[in-house]
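The values are calculated or read from the model by the stated rules, or taken from the named source; none is laboratory data. Predicted model, so just to flag it, every value in this text is computed and none were measured. Because the Cβ atoms are built from the backbone with ideal geometry, glycine has one as well, and the counts that use them run over all protein chains shown.
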Amino acid sequence: MSTPFFDAVIIGAGAAGLFCAAQAGQRGLKVLLIDHADKVAEKIRISGGGRCNFTNRELDVRAPHKHFVGQNPQFCRSALSRYTPADFIALVQRHGIAFHEKHKGQLFADRSAEDIIAMLLAECADGRVERWQPCGVKSVVFLAAERLIANQAANPHPRPLPEGEGAKPAQPIALAPLGRGRGEGHPRPGNSQALSGFIADAESAGSYQINTDRGPVLARSLVIATGGLSIPKIGASDLGYRLAQQFKLPLVERRPGLVPLTFDGAEWAPYAQLAGLALPVEISTGAKKERMAFHEDLLFTHRGLSGPAVLQISSYWRDGQPLAIDLAPGVNLGEALRMAKARSRKRIANELATLVPTRLAEAWASTDADWQRPINEAADKALARLAERLARWQLTPTGTEGYKKAEVTLGGVDTRALSQQSMECKSQPGLYFIGEVVDVTGWLGGYNFQWAWASGHACAQAL
Ligand code: FDA
């Protein structure tokens, strides 16, 4: 039996992979999408509380550093400006999916994230994309041009190459494949027919052999869309990073992002009673120029802090760095407590409860004997200290809840190794990385999906 040949094989049928496959297929390319998970696009399904925050209207494509984290946030500018939130919104509208804006430009499906998945699958069907799922990937081999040509000369009617035979792992520079420069040697859309089903001639040299659970396949281009490491139980794996290493691409250190933060058990004990409490705060980390701040809701948990404020800051937080939290942003607590002292005999906690949530006021006042008395008997210094503690609460997380709770993975394939126009590896033609596997991480609020769509689109145009 001959080895199937595709213009492009895409590994990972998540947001970026599905979108890229659909676009490439609609351009007339013969595309195979492979995913090892039982269910397609599980991350889209669980995203946005089941409603998928699929993009963000406030994305400023001219200034990606405002909403993206990574060693070079400018890298994503080209792709983001060629496929914008407005483009994705138009697609969602064409499919008749109702949506709404929730907060700060975040767009969600009215009914369910399933509608977005169904839309992507319909787009793939339009592009005649073949999908193998569940299907694991055992190995990837770059078939070096020289060897194939030699093989063909010896045998003008070659049989498909068994794994390992006549195939060499990539040596990006030494084995730069023949005729694989831009516009030459590559079969273009329309002439894939001639190659279909076999390594037919020297044009297929420099292809990728992907050894899967369902046997080997050959591809002119290989797109890695395996996402990040978060939520391993629904299919996340490190395959994308391992492939990057195999092809000698640099990686930026990975760590969980958009993740709840945890604290030392004994130190956290006074606050654990606040679990479930949510309130708007200003949260910041980093000094001076590096300082990042967010105005969002914070949520107390049994082990630490969560909520949008903490998820956002977690992508900027580094081990050992303190956080500063203003638990009553926009309120002059010192002034308010001084005025209360002049007119009230109530307990400090009761007065404080008019300024911040009652549970917080009670818990806070209970941590210091000077704050457990009628406010008119409190020392000015004690009230000033109380105001200061609430407005500039300094605390240092001991860690994060890790990949089982993180929404994204920071770091990944170093953008310096990729073309910002096409997502193709500079040192390994025909190999592309898109979506979260790349060192581009968006803020909470639909930015990560917009990156998945935009990088998938940029790649699909170049395949
Ligand atoms: P994605 O993770 O979508 O897809 C990767 C695919 O590769 C998966 O299908 C996986 O099974 C497959 N794969 C992995 N290893 C493989 C292997 N070895 N072999 C074969 N296949 C393999 N973002 C946003 O913008 N708005 C939101 O509302 C949310 N909400 C949200 C909630 C939660 C709980 C999480 C965990 C994440 C979010 N996100 C989000 C982030 C968003 O889901 C994420 O950034 C994108 O899905 C990334 O798209 P990718 O296609 O790169 O990876």
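Can you say whether V61 is surrounded by fewer than 22 Cβ atoms within 10 Å (Cβ to Cβ), within 25 Å of Q461 (Cα to Cα) and of a type in the set (V, I, T), as far as the supplied structure shows?
Criteria met by V61.
Assess whether L143 counts as being surrounded by fewer than 19 Cβ atoms within 10 Å (Cβ to Cβ), farther than 22 Å from L444 by Cβ, touching a helix residue (DSSP H, G or I) at 6+ places or on another chain (Cβ under 9 Å) and touching a residue at least 24 places away in the same chain (Cβ under 8 Å). Don't jump to the end; show me each part of the working.
Details: surrounded by fewer than 19 Cβ atoms within 10 Å (Cβ to Cβ): no; farther than 22 Å from L444 by Cβ: yes; touching a helix residue (DSSP H, G or I) at 6+ places or on another chain (Cβ under 9 Å): yes; touching a residue at least 24 places away in the same chain (Cβ under 8 Å): yes.
No.
Could you say which residue among E436, E407, E424, E401 is surrounded by 16 or more Cβ atoms within 10 Å (Cβ to Cβ), touching a residue at least 12 places away in the same chain (Cβ under 8 Å), in contact with a Cys (Cβ under 8 Å, 6 or more places away or on another chain) and charged (D, E, K, R)? Steps first, answer last, please.
Numbers: E436 fails: in contact with a Cys (Cβ under 8 Å, 6 or more places away or on another chain); E407 fails: in contact with a Cys (Cβ under 8 Å, 6 or more places away or on another chain); E401 fails: in contact with a Cys (Cβ under 8 Å, 6 or more places away or on another chain).
Only one candidate qualifies: E424.
Can you name the residue in the stretch 97-138 that is of a type in the set (G, A, S) and in contact (Cβ under 8 Å) with a residue 40 or more places away in the chain and is also nearest to A309 (Cα to Cα) among such residues? Write out each step before concluding.
In the first step, residues of the stretch 97-138 are kept if they are of a type in the set (G, A, S); the result is 98, 105, 109, 112-113, 118, 122, 125, 127, 136.
Next, only the ones that are in contact (Cβ under 8 Å) with a residue 40 or more places away in the chain stay: 105, 109, 112-113, 127, 136.
Values: G105: 16, A109: 23, S112: 25, A113: 24, G127: 40, G136: 37 Å.
Looking at the filtered set, the residue picked out is G105.
Taking the stretch 302-334, which residues are in a loop (DSSP other than H, G, I, E, B) and under 25 Å from E351 (Cα atoms)?
In the first step, residues of the stretch 302-334 are kept if they are in a loop (DSSP other than H, G, I, E, B); the result is 302-303, 307, 315-322, 327-332.
The answer is L327, A328, P329, G330, V331, N332.
Show me the strands (runs of 3 or more DSSP E) found entirely inside the stretch 380-463 where at least 1 residues are within 19 Å of the chain's Cα centre (by Cα) and near the ligand (Cβ under 10 Å from one of its atoms).
Numbers: elements: 393-395, 408-413, 431-433.
Because the criterion is at least 1 residues that are within 19 Å of the chain's Cα centre (by Cα) and near the ligand (Cβ under 10 Å from one of its atoms), the strands (runs of 3 or more DSSP E) in the stretch 380-463 that meet it are 408-413, 431-433.
Examine the stretch 260-282 for a residue that is out of contact with any Cys (no Cβ under 6 Å at 6 or more places or on another chain), within 16 Å of the ligand (Cβ to nearest atom) and closer than 28 Å to I44 by Cβ, and state whether such a residue exists. Steps first, please.
As a first pass, look at the stretch 260-282 and keep what is out of contact with any Cys (no Cβ under 6 Å at 6 or more places or on another chain): 260-282.
Then keep just the ones that are within 16 Å of the ligand (Cβ to nearest atom); that gives 260.
The next check asks that each one be closer than 28 Å to I44 by Cβ; those that pass are 260.
Among the residues of the stretch 260-282, at least one is out of contact with any Cys (no Cβ under 6 Å at 6 or more places or on another chain), within 16 Å of the ligand (Cβ to nearest atom) and closer than 28 Å to I44 by Cβ, which makes the answer yes.
Name the single residue, out of those in the stretch 126-142 being out of contact with any Lys or Arg (no Cβ under 8 Å at 6 or more places or on another chain), among the hydrophobic types (A, V, I, L, M, F, W, C) and farther than 16 Å from A460 by Cβ, that is nearest to the ligand (Cβ to nearest atom).
Ranking the qualifying residues of the stretch 126-142, first place goes to V137.
Here's a check for you: in the stretch 33-76, which residue that is more than 8 Å from the ligand (Cβ to nearest atom), in a helix (DSSP H, G or I) and charged (D, E, K, R) is farthest from W132 (Cα to Cα)?
This residue is K66.
In the list E335, E362, E388, which residue meets the criterion of being without any contact (Cβ under 8 Å) to a residue 12 or more places away in the chain and charged (D, E, K, R)?
Details: E362 fails: without any contact (Cβ under 8 Å) to a residue 12 or more places away in the chain; E388 fails: without any contact (Cβ under 8 Å) to a residue 12 or more places away in the chain.
Of the residues listed, the single one that is without any contact (Cβ under 8 Å) to a residue 12 or more places away in the chain and charged (D, E, K, R) is E335.
From the set of residues in the stretch 327-337 that are surrounded by fewer than 20 Cβ atoms within 10 Å (Cβ to Cβ) and either within 14 Å of R389 (Cα to Cα) or of a type in the set (D, E) (or both), which is nearest to the chain's Cα centre (by Cα)? Spell out the reasoning first.
Within the stretch 327-337, the subset surrounded by fewer than 20 Cβ atoms within 10 Å (Cβ to Cβ) is 329-332, 334-336.
Subsequent filtering for residues that are either within 14 Å of R389 (Cα to Cα) or of a type in the set (D, E) (or both) retains 329, 331-332, 334-335.
Working: P329: 30, V331: 35, N332: 38, G334: 41, E335: 43 Å.
Among those residues, the one meeting the criterion is P329.
Go through the stretch 268-301 and give me each residue that's part of a helix (DSSP H, G or I) and touching a residue at least 12 places away in the same chain (Cβ under 8 Å). Working first, answer last.
Step one: list which residues in the stretch 268-301 are part of a helix (DSSP H, G or I), which gives 268-272, 288-290.
Those that are part of a helix (DSSP H, G or I) and touching a residue at least 12 places away in the same chain (Cβ under 8 Å): W268, P270, Y271, A272.
Take S81 and tell me if it is hydroxyl-bearing (S, T, Y), assigned to a helix (DSSP H, G or I) and within 14 Å of the ligand (Cβ to nearest atom).
no
Somewhere in the stretch 1-24, is a residue within 6 Å of the ligand (Cβ to nearest atom), in a helix (DSSP H, G or I), under 18 Å from T212 (Cα atoms) and touching a residue at least 60 places away in the same chain (Cβ under 8 Å)? Talk me through it step by step, then tell me what you get.
Narrowing the stretch 1-24 to residues within 6 Å of the ligand (Cβ to nearest atom): 11-17.
Next, only the ones that are in a helix (DSSP H, G or I) stay: 15-17.
Add one more test, that the residue is under 18 Å from T212 (Cα atoms), and what stays is 17.
Then drop every residue that is not touching a residue at least 60 places away in the same chain (Cβ under 8 Å), which leaves 17.
Yes, the stretch 1-24 has at least one match.
Return the residues of the stretch 110-157 that are assigned to a loop (DSSP other than H, G, I, E, B) and either at pLDDT 95 or above or of a type in the set (S, T, N, Q) (or both); say none if nothing qualifies. Steps first, answer last, please.
Of all residues in the stretch 110-157, those assigned to a loop (DSSP other than H, G, I, E, B) come to 110-112, 127-129, 133-136, 143-144, 155-157.
Scanning the stretch 110-157 gives D110, R111, S112, G127, R128, V129, Q133, P134, C135, G136, N155.
Restricting to the stretch 1-50, and then to whatever is touching a strand residue (DSSP E or B) at 6+ places or on another chain (Cβ under 8 Å) and of a type in the set (S, T, N, Q), can you tell me which residue is surrounded by the most Cβ atoms within 10 Å (Cβ to Cβ)?
Only one residue tops the list, namely S47.
Please find, among A236, A219, A200, A244, the residue that is part of a loop (DSSP other than H, G, I, E, B), at pLDDT 95 or above and out of contact with any Pro (no Cβ under 7 Å at 6 or more places or on another chain). Before you say what the answer is, go through the steps one by one.
Working: A219 fails: part of a loop (DSSP other than H, G, I, E, B); A200 fails: at pLDDT 95 or above; A244 fails: part of a loop (DSSP other than H, G, I, E, B).
Selected residue: A236, the only one of A236, A219, A200, A244 that is part of a loop (DSSP other than H, G, I, E, B), at pLDDT 95 or above and out of contact with any Pro (no Cβ under 7 Å at 6 or more places or on another chain).
May I ask you to list the residues in the stretch 93-106 that are surrounded by 15 or more Cβ atoms within 10 Å (Cβ to Cβ) and in contact with a helix residue (DSSP H, G or I) (Cβ under 7 Å, 6 or more places away or on another chain)?
I97, F99
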